[in-house]
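Engineer: One structure, pasted below without further comment.
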Amino acid sequence: MRSRVFSGIQPTGVIHLGNYLGAIKSWVDLQYKHDSFFCIVDYHAITVPYDPADMRQRIFDAAVANIAAGLDPDVATIFVQSHVPEHTELTWLLNSITPMGWLGRMTQFKEKSEQFKENVNVGLFDYPVLQAADILLYKAEVIPVGEDQVQHIELTRDIARKFNSTFGDTFPEPKALLSPAARIMALNDPAKKMSKTLPGSYIGISDLPAEIRDKMMKAVTDAGPTPGQEMSPGTANLFTLLKEFSAPETVRRFQEEYDSGAIRYSELKSVLADDIVAALAPFREKREELLGKPVVVKNILRQGADRARLYARETLLEVKGKMGLL
């Protein structure tokens, strides 16, 4: 029997190259190797300030973008978190065994509390327990995450271990699977991660060719290579993208030119932009097709939720039975 993979996808509205290379690309590969569940985590998204008028569209756009990027609804289960009520019910049950001290140590809670001082809500504090419920509800064993989420997976393991020791063996202890992709930095500030909150920092997978070329030509580099010195962060970021999107001989040529001090960054940016445009063309085409078929997308999410609930109900019945609630 194949192991199970679970990942939650925030409905952010924009998927950029950092998201794609750091997460979605690996999900596309994993879906063919594991029994895969990919969930648009709208309940997580409402723990920070948001515009309710935009949320429904953000959820739809997240589904479209991820399917266009390669998630296959005929292979993986793709659904919306709030469409499967067992997520929140299991969260409450797990709350009853999770010490507050465990949650108070969470780095993300501390960072978000500082960022959103006017809205430090209970949901933000309890976010990791909901995340644990997301994973344990499907008894997932493989959890693809970024480094910033490893602490949450460790907490999920702690919660699973405590439940098992208290009520009997129920949950496998999930393991974090870190993306092999290098971190993609902001084009205009390579000291920061590529982010949709930093204008000019990212290339979206749905960007038009002209937008991609314009953003790439404005990317930060340096005045030119200095023999014996380490590559500047901006230039290193472009070479990271080059290795992801360009042919090996192209990477080799520009590396040789850099090493010899003969590189022209304008040419590097132009070639890289063209290669990114070519690589993203199928995504843009698929996205446009799906945007024109909202009923198809909604059916995918409905069918995904129906399938997810088959597993979720079974787990919840087992949990409630062991806790003496049935």
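Engineer: Given a Förster distance of 45 angstrom, what is the FRET efficiency for ILE97 paired with LYS293, based on the Cβ-Cβ distance and rounded to 0.05?
Structural biologist: The formula returns an efficiency of 0.55 here.
Engineer: Right, something else. Round to a whole angstrom and tell me the spacing of the C-alpha centers of the range 39-66 and the range 295-326.
Structural biologist: What the calculation gives is 20 Å, centre to centre.
Engineer: At MET55 and LYS33, where each label point lies 7 Å from the Cα along Cα→Cβ, what is the point-to-point distance in nanometres?
Structural biologist: 3.5 nm
Engineer: Turning to a different aspect of this structure: By how many degrees, 0 to 90 and rounded to 10, does the Cα axis of helix 248-260 deviate from the longest principal axis of the chain?
Structural biologist: 60 degrees
Engineer: Related question: How far, in degrees from 0 to 90, does helix 122-136 lean away from the longest principal axis of the Cα atoms of the chain, to the nearest 10?
Structural biologist: Approximately 80 degrees, to the nearest 10.
Engineer: Using the alpha-carbon atoms, what tilt in degrees (0 to 90, nearest 10) does helix 150-167 show relative to the longest principal axis of the chain?
Structural biologist: On a 0 to 90 degree scale, this one is about 20.
Engineer: What does the extension gain come out to for GLU249 and LYS286, with contour length at 0.36 nm per residue minus their alpha carbon separation?
Structural biologist: Full extension from GLU249 to LYS286 adds 10.4 nm.
Engineer: Work out, in µm²/s and without decimals, the Stokes-Einstein translational diffusion coefficient of the range 209-287 at 4 °C, 1.567 mPa s, Rh from Kirkwood over C-alpha pairs.
Structural biologist: 99 µm²/s
Engineer: Which FRET efficiency value, to the nearest 0.05, is calculated for LYS322 and ARG2 with the Förster distance at 25 angstrom and r the Cβ-Cβ distance?
Structural biologist: The formula returns an efficiency of 0.45 here.
Engineer: Right, next: Only Cα pairs within less than 10 Å get springs; with that Gaussian network setup on the chain, which residue of TYR32, TYR20, TYR50 has the largest fluctuation?
Structural biologist: Highest fluctuation of the listed residues: TYR50.
Engineer: When every alpha-carbon pair in the chain is counted, what percent end up more than 25 Å apart?
Structural biologist: 55 percent
Engineer: Grab the DSSP H runs of the chain that are 4 residues or longer, score each as -39,500 (n - 2.57), total them, divide by all residues and round the 222 nm result to the nearest 500 deg cm²/dmol.
Structural biologist: Rounded to the nearest 500, the figure is -17000 deg cm²/dmol.
Only the coordinates and a few stated rules stand behind these numbers; no lab work does. Since the structure is predicted, the reported quantities are computational estimates derived from the model, not experimental observations. Quick reminder, even Gly has a Cβ in these numbers, built from the backbone with ideal geometry, and neighbours come from all protein chains shown.
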